[in-house]
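The structure under discussion appears below in the form of structure tokens.
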Amino acid sequence: MKKLFRSTTDSKLTGLCGGIGQWLGIDSTIIRLLVVIAAFFSFGSVILVYFIATLFVPKAMSNDFSFVDHY
């Protein structure tokens, strides 16, 4: 069973949509579009849920050490 994490590599704002996209196995752009459409039709309550979820969903541990110079 996969755990839900906020993405560190596919992040526009908080990484939540990128993490949900990775968790579901679909493109994060689709998730972002759905969030924007849902926020419009819910008069902004989805935005509140988004930021509350950001507080509870942990950020993924990055295994990318490309910033370290290897000589």
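Brief remarks on what is shown
Conditions (1) part of a helix (DSSP H, G or I); (2) in contact with a strand residue (DSSP E or B) (Cβ under 7 Å, 6 or more places away or on another chain); (3) of a type in the set (D, E, K, R), marked per residue:
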| position | (1), (2), (3) |
| --- | --- |
| LYS2 | no, no, yes |
| THR8 | no, yes, no |
| LYS12 | no, no, yes |
| GLN22 | yes, no, no |
| ILE31 | yes, no, no |
| ALA39 | yes, no, no |
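- Residues located in segment 54-71, provided they are under 16 Å from LYS3 (Cβ atoms), exposed (fewer than 14 other Cβ atoms within 10 Å of the Cβ) and either touching a strand residue (DSSP E or B) at 6+ places or on another chain (Cβ under 7 Å) or at pLDDT below 90 (or both): PRO58, MET61, SER62, ASN63
- Here segment 29-53 is the region considered, the condition is being more than 17 Å from LYS12 (Cβ to Cβ) and among the aromatic types (Phe, Trp, Tyr), and the residue that is most open to solvent (accessible area, probe 1.4 Å) is PHE43.
The values are calculated or read from the model by the stated rules, or taken from the named source; none is laboratory data. From a predicted model like this one, the values you see are computed outputs, not experimental measurements. Methodologically, a virtual Cβ is constructed for each residue, glycine included, from the backbone with ideal geometry; neighbour enumeration extends over all protein chains shown. SASA here: full protein model, heavy atoms, side chains in, ligands and nucleic acids out. Shrake-Rupley method; radii C 1.70, N 1.55, O 1.52, S 1.80 Å.
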